[in-house]
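Only one structure is covered here, and it is reproduced in the block below.
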Amino acid sequence: MTVIDIPGSKSVTARALFLAAAADGTTTLLRPLHSDDTEGFTEGLTRLGYDVVREPDRWHIEGRPAGPAAADAEIHCRDGATTARFLPTLAAAAASGTYRFDASAQMRRRPLAPLTEALRTLGVDLRHQGAEGHHPLTIEASGVKGGGLTLDAGESSQYLTALLMLGPLTEEGLRIEVTELVSAPYVEITLAMMRSFGVEVVREDNTFTVPPGGYRATTYAIEPDASTASYFFAAAALTGREVTVPGLGAGALQGDLRFTEVLRRMGANVRMTADSTTVRSAGRLAGLTVNMRDISDTMPTLAAIAPHATSPVRIEDVANTRVKECDRLEACAQNLRNMGITVHTGPDWIEIHPGTPRPTEIATHGDHRIVMSFAVAGLLTPGMSYDDPGCVRKTFPRFHEEFAAFVERSSAGG
């Protein structure tokens, strides 16, 4: 059995940074993720005037319940969707100030409209400088009164998360009625973390009531990233290895740990304790049809290993993967076809047939999850390469080194 330490969760780290910045007092984050996305987020907080001290295994953030100290700031959000959606929402709560946000070309293509329209409904003076509903944008902050609004979060749960976290910073709180919701487990992460920072959100079906009153600082430990863990779990299930990830167990916040249930349905052995998860191969993997709407970040992981199943793998209800860092559904289909695999797709589904993949250069589209997923496929298809292997810096800068070390240790039985 091989034990591997997975870096901290990107999703949890980003939420923790927002909540810490908004809290009254100094928050310490334990084992936060060090990556391009989180560096971009902390850089944005610093530009907004928050005091952030980063040590190797802990970060300290001096909260400002009144909002950013800077009255005028320019923030580049890089490739980070959480940075690009959370920081403008945080800045909007300031009593006054002018804040300009921009992002990479990749992030400029990704949509913001449901969030920015919701902020406008709440009275926020927000202007898009280019395409409507996309970065760049400018906010002339004057505080947020609060109230009720209706939100379509069928494209991204991050829109709802940003508004939920804004709620305690408004004068009256928020009442959000959600008409569509994707990746619901990520919203559960948000609610649990807000609770850790002193705010209890009341949920009745798809209506969320958020009280005013702000947050209180705390010491918060960041879980290992369950999406990143999926590559190591999939590698074990595919190749006859066994891997244990400590820190991710029955009490984990992240819904993407449910990827192990998909592997279990395919025939892998999965053992979960209170604070760890172990996956071991039981031989060949069976095909299946699976709805991955709520764990769609792990869709490319399953797609990459699907050719080795004994029957077709059909992944359904993943339309939102088309508006991630790239069109992940089409990127998976393109790369699998280049590997000689029969693939069929529809607006929100992909079906992958068994086959013997041939090595090819993976078209990554600058997407970290495409690289890491097909690295797993490469375990049984020597000779694979990537047109942009370095894009893993977004969430796991040392992925290639750590994955190679994992393969070496597990092959040696360590």
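The values are calculated or read from the model by the stated rules, or taken from the named source; none is laboratory data. From a predicted model like this one, the values you see are computed outputs, not experimental measurements. Quick reminder, even Gly has a Cβ in these numbers, built from the backbone with ideal geometry, and neighbours come from all protein chains shown. Just so you know, the surface numbers come from the protein's heavy atoms only, side chains and all, with ligands and any DNA or RNA stripped out. Shrake-Rupley method; radii C 1.70, N 1.55, O 1.52, S 1.80 Å.
Among the residues of segment 53-73, write down those that are within 25 Å of the chain's Cα centre (by Cα) and without any contact (Cβ under 8 Å) to a residue 24 or more places away in the chain.
Listed by number, the residues that qualify are Val53, Arg54, Glu55, Pro56.
Gly247 - would you say it is free of Cβ contacts under 8 Å to residues at least 40 places away in the same chain, at positive phi and open to solvent by 10 Å² or more (accessible area, probe 1.4 Å)?
no
Check segment 132-148 and report whether any residue there is assigned to a strand (DSSP E or B), open to solvent by 10 Å² or more (accessible area, probe 1.4 Å) and farther than 23 Å from Leu48 by Cβ.
yes
Considering only segment 9-102, give the helices (runs of 4 or more DSSP H) lying wholly within it that have at least 3 residues that are open to solvent by 10 Å² or more (accessible area, probe 1.4 Å) and out of contact with any helix residue (DSSP H, G or I) (no Cβ under 6 Å at 6 or more places or on another chain).
Here the list reads 36-47.
Listed residues Thr121, Thr170, Thr218, Thr116; which is hydroxyl-bearing (Ser, Thr, Tyr) and either within 28 Å of His34 (Cβ to Cβ) or touching a Ser or Thr at 6+ places or on another chain (Cβ under 7 Å) (or both)?
It is Thr218.
Scan (1) open to solvent by 10 Å² or more (accessible area, probe 1.4 Å); (2) in contact with a Ser or Thr (Cβ under 7 Å, 6 or more places away or on another chain); (3) not in a loop (DSSP other than H, G, I, E, B) for the single condition Glu351 breaks and write down its number.
(2)
Just checking, which of Thr161, Thr150, Thr207 is out of contact with any Ser or Thr (no Cβ under 8 Å at 6 or more places or on another chain) and β-branched (Val, Ile, Thr)?
Thr207
Go through Val318, Val279 for me and flag whichever is open to solvent by less than 60 Å² (accessible area, probe 1.4 Å), in contact (Cβ under 8 Å) with a residue 12 or more places away in the chain and more than 15 Å from Ile350 (Cβ to Cβ).
Residue meeting the stated conditions: Val279.
Quick check on my filter: what residues within segment 356-374 are open to solvent by 10 Å² or more (accessible area, probe 1.4 Å) and either outside any loop (DSSP other than H, G, I, E, B) or on the phi > 0 side of the Ramachandran plot (or both)?
Those that are open to solvent by 10 Å² or more (accessible area, probe 1.4 Å) and either outside any loop (DSSP other than H, G, I, E, B) or on the phi > 0 side of the Ramachandran plot (or both): Glu361, His365, Gly366.
Tell me yes or no: at least one residue of segment 290-301 is within 16 Å of Arg241 (Cα to Cα) and at pLDDT 95 or above.
no
Report yes if Glu223 is farther than 30 Å from His400 by Cβ and of a type in the set (Asp, Glu), otherwise no.
no
Only one of these is more than 20 Å from Lys324 (Cβ to Cβ) and touching a helix residue (DSSP H, G or I) at 6+ places or on another chain (Cβ under 7 Å): Gly167, Gly173, Gly133. Name it.
Criteria check complete, one pass: Gly173.
Looking at segment 204-216, which of its residues are touching a helix residue (DSSP H, G or I) at 6+ places or on another chain (Cβ under 7 Å) and either under 27 Å from Asp51 (Cα atoms) or open to solvent by 30 Å² or more (accessible area, probe 1.4 Å) (or both)?
Val210, Pro211, Pro212, Gly213, Gly214, Tyr215 - these are the residues of segment 204-216 that are touching a helix residue (DSSP H, G or I) at 6+ places or on another chain (Cβ under 7 Å) and either under 27 Å from Asp51 (Cα atoms) or open to solvent by 30 Å² or more (accessible area, probe 1.4 Å) (or both).
Looking for whichever is at pLDDT 95 or above and open to solvent by 40 Å² or more (accessible area, probe 1.4 Å) here; the options are Glu261, Glu223. Which one fits?
Being at pLDDT 95 or above and open to solvent by 40 Å² or more (accessible area, probe 1.4 Å) holds for just one of Glu261, Glu223, which is Glu261.
For segment 306-315, indicate whether the set of residues that are closer than 30 Å to Thr83 by Cα, touching a strand residue (DSSP E or B) at 6+ places or on another chain (Cβ under 9 Å), free of Cβ contacts under 8 Å to residues at least 40 places away in the same chain and open to solvent by 10 Å² or more (accessible area, probe 1.4 Å) is non-empty.
no
Open to solvent by 10 Å² or more (accessible area, probe 1.4 Å) and either closer than 29 Å to Thr218 by Cα or not in a helix (DSSP H, G or I) (or both) - does that describe any residue in segment 112-121?
no
May I ask you to say which residue of Leu248, Leu263, Leu238, Leu253 is farther than 21 Å from Pro347 by Cα and in contact with a His (Cβ under 7 Å, 6 or more places away or on another chain)?
Answer to the check: Leu238.
Can you tell me which residues in segment 326-340 are touching a residue at least 40 places away in the same chain (Cβ under 8 Å) and surrounded by fewer than 23 Cβ atoms within 10 Å (Cβ to Cβ)?
Passing the criteria: Cys326, Met339.
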